[in-house]
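Input: a single structure, listed below in C-alpha cells.
The values are calculated or read from the model by the stated rules, or taken from the named source; none is laboratory data. This one's a predicted model, so the numbers in the text were calculated from it and none came from an experiment. Don't worry about glycine lacking a Cβ; one is built from the backbone with ideal geometry, like all the others, and counts go over all protein chains shown. In case anyone asks, the SASA skips ligands and DNA or RNA and just uses the protein heavy atoms, side chains included. Shrake-Rupley method; radii C 1.70, N 1.55, O 1.52, S 1.80 Å.
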Amino acid sequence: MKRKRKRGQRRGAPRADGILPRFLGLRRRPWPVYLFDLDNTLYDANVHCFPQMHRYMHAYLQEKFGLERAAAEALRQQYWRRYGTTLAGLMRHHDTDPHEFLQAIHPPALAATVPADLHLDRWLASLDGPAYIFTNSVTAHAERVLARLQVTRHFLGIFDLSAAALRGKPDVHAYRSLLRRYRVAALRCHFFDDSRANLRTARLLGMRTTWIHPRRRQPGQLAKLPPACRKSLGGAR
C-alpha cells in the first residue's frame, strides 16, 4: 500500500523530521543541493586523521602480505594513485574483504583529535539548500567527524563507500548512485572536494564544483568563501 504524500510535498524532497525543515515548500523552484567530501574538505585530515589512518593501512598490509613498512607504504600509494582508493586495488589484485579492511582503518580513535569548527557551523547554516556528505570513507567515521566538528545538524545524509557498492569517487558509478538515492539532478548540485579527479567527474555530469586546495587548507576555509559562491546557485535547475 502506497503512502500518499502530504499536500505541497514534492517527490524526492527531504522529510520534515527536524533536520533542515525550512527547505520544505519554501520555493516553487528546486533548491540547490550541496555535496561535501569529508576528509580534507570539511577539516584538515592531513593533520587529524590521515597520518593515523595510513599507519593502520600499513599495519594491515604488513600483517596480510608479510611486507616491510616501506613496501606496504609503496603499495598503498600505488593503488591509491591508480584506482582512486587503496581498497579498490586490494580488491582487484588480492581479493581483500572490503568490510574487514574498512573496519581496520577506521577505528573510533581515528577522529579523536578533530576540533570543533564554529565558523564552519555558521557557514553551513547559511546555505540555501540541503547538504549531504559524499565520502569514500565509511558512515561511522563520518558521523564521528561531524560530531567532533559540531556540524552534524546541517546534513541530511551520508553517502559512503558502501552505499556506492564499494566503487568510490572518482568512479562515475558512485555519483550516479548518489543522484538516484537522493532523487536529485546533477545540474542542481554543487560539489566541494579536495581532489581534482573527483571534481572532474562531477563536472562531466553537470555539477558545479569548488576545489578545496589540500596544501593550502586552513581552519574555517569553507567559511571564508564569498557569499557569491552560494548565491550563484540560486538559479540552478
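Number of residues in segment 189-206 that are modelled with pLDDT of 95 or more and either more than 14 Å from the chain's Cα centre (by Cα) or more than 19 Å from ALA131 (Cβ to Cβ) (or both) equals 6. Under 12 Å from the mean Cα position of the chain (by Cα) and farther than 26 Å from ARG81 by Cα, is that true of ALA131? The answer is yes for ALA131. Residue count for segment 221-237, restricted to those that are modelled with pLDDT of 55 or more and open to solvent by less than 20 Å² (accessible area, probe 1.4 Å): 1. In a residue-by-residue description of segment 98-110, the property of being closer than 27 Å to ALA185 by Cα and either out of contact with any helix residue (DSSP H, G or I) (no Cβ under 9 Å at 6 or more places or on another chain) or not aliphatic (A, V, I, L, M) (or both) applies to no position. Filtering segment 199-214 to residues that are within 23 Å of ARG82 (Cα to Cα) and either open to solvent by 50 Å² or more (accessible area, probe 1.4 Å) or out of contact with any helix residue (DSSP H, G or I) (no Cβ under 9 Å at 6 or more places or on another chain) (or both) leaves LEU199, ARG200, ARG203, LEU204, TRP211, HIS213. Filter segment 66-93 for residues that are of a type in the set (D, E, K, R), closer than 24 Å to ASP193 by Cα and loosely packed, with under 15 Cβ neighbours inside 10 Å and give the result. Residues satisfying the conditions are ARG81, ARG82.
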